[in-house]
Amino acid sequence: MGHLGNLKITVLNDLVDTLKLHFYSSDLSDEKELEDYNKIVSSFCDIKSEAMQIKNADNQKRFISHEFHGYKFRVMATAQNNFNVVIQNGDVSISLLKHSVKHNNPLIKVEFRAEFLCRYGYIKAIQSVKNLIQNFLLNYHVKVSEIHLAKDIQGYEFCTFDFHRVKTLSKTKTIFHNDISSEYYFGNRFTGFSVGKGDEMLRVYNKTVEITQKKQKAFIEVLKWANNPDFDNKKNVWRLEFQLRRERLKYLLGNDGLLDSLDNVLKSISNLWNYCINRFVHKNLSNTEVQEQITQMKILKNGTFKYLSAETLRKRFQRADTSIVWDSIQTFEGNVGYELQKVKDIKKPEVQYVKNAFKAIISTFVKLKRGDFNSHELTEILLEADREQREKTDINIIDNARLKALDYMSHAKVFYEKTGIIEDGFDKFNKDLANNLQQTFALIENEPSTILTFEQFQKRLIA
């Protein structure tokens, strides 16, 4: 039996609570457009220089007010990393970067205020920002850098045990309490927990307590909760919030393709919610079962202890039903999402992999030699491996490695054609691979008998 009984969960609202977008130029060949854009950024940088003269310990108070195409902004004295200037108002924060052939970074980053998304709705809010970006004379394509999907609920009081009721593939879990400055008013009252990190995360926290600490967060009560007839202002409101970043989104595949673009993400909001509630699952475990999970032991009727194996606890989690809380939050804005596919990633080779492989060779050889190291014997082992390779396949180790490099590139091309994902540097990798192989085979044709002697091979190895 579970611990929830006949609780009634009330869902107050569904929200896109946080949204961060990256804008890239869609036509790098239009030099005039990019030049005009850079001039606009320069004009904001000039205003930023004035703001930098303002003396105040609080950087949020160091700004110059400025109007741009009918929009009022604060041009801030400080900017985010990699950007030249930041402009803000009550709705958005916009970071601007000058175009340069030396980088392929996003030129514009937009962070939406939660109140703006709540008041307008995320569809209208995004469209208004798109209209604004057009005023920067920039044709663009947009990618989602980060998005948070959230629900506010009543009817269940989370506690520290609920942290242990969440089943997830993530290995990172963090419990947090009120910050020290608030403990005077709230004591050490439990306010929530988080599971996961960065690219994929779940946060569960007491929204009522947060509002008492941060009055600017109270807009949600006026704009959403008060309009729900089931809202009970005498009960705590708990927020369930999922965070997804681009590094996760761009490998999720929906009906309209990869969620690599803003349009595809917007078409898949309910599917993203479905993805999240299946990545992080709240299970219906009793308090006793949770205690046993924490201590990894069970108290028997005769008072003795029985240790529980990791496999026993894993199977208990597997068999446990989903909690009534999770059963109550299966849809987003009334829409049932379908399952997104996760595309297998192909990573570029890195120098570190070569270093690690070399370390592994040396480590294994030294173990074989019981702590000794003899470069002559190591060379002999490598040459023997090359001879074995020739006997089995009629090609040496180097040529076999070249074939694997070609095979790797072939798989990479199939991956990109299927998914539409483009990784920086792969075009150059492909060209360099073809050129290097062409040059190598040209040398072999001209000097077919060129084979390193044992001494030459050893000298190169230990040089």
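The values are calculated or read from the model by the stated rules, or taken from the named source; none is laboratory data. What you see is a predicted model, and the numbers here were worked out from it, not measured in a lab. All Cβ positions, glycine included, derive from the backbone under ideal geometry; neighbour counts span all protein chains shown. Note: accessible area is taken over every heavy atom of the protein model, side chains too, but ligands, DNA and RNA are not part of it. Shrake-Rupley method; radii C 1.70, N 1.55, O 1.52, S 1.80 Å.
Key figures for this structure:
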read-out: Semi-axis lengths (Å, descending) of the ellipsoid that matches the C-alpha gyration tensor of region 29-138; value: 21, 21, 12
read-out: Mean Cβ count within 10 Å, highest first, over the residues of peptides 47-57, 360-370, 260-270, 299-309; value: 260-270, 47-57, 360-370, 299-309
read-out: Heavy-atom accessible surface of region 87-165: percent carbon and sulfur, 1.4 Å; value: 51
read-out: With all protein chains modelled, accessible area of Cys159 [1.4 Å, Å²]; value: 50
read-out: Glu50/Ala226 FRET efficiency (R0 45 Å; Cβ-Cβ; nearest 0.05); value: 0.60
read-out: Sequence ranges 318-325, 25-32, 351-358, 250-257, ranked by mean other-Cβ count within 10 angstrom, highest first; value: 250-257, 318-325, 25-32, 351-358
read-out: Cα centroid separation, region 268-339 to region 207-249 (Å); value: 24
read-out: Amide H contacts of Val166 (H built 1.01 Å from N, under 5 Å, at least 5 apart or other chain); value: Lys283
read-out: Simple label model, 7 Å out from Cα along Cβ direction - Gln60 to Ser128, nm; value: 2.0
read-out: Protection proxy ranking, peptides 69-76, 82-89, 274-281, average beta carbon neighbours within 10 Å, highest first; value: 274-281, 82-89, 69-76
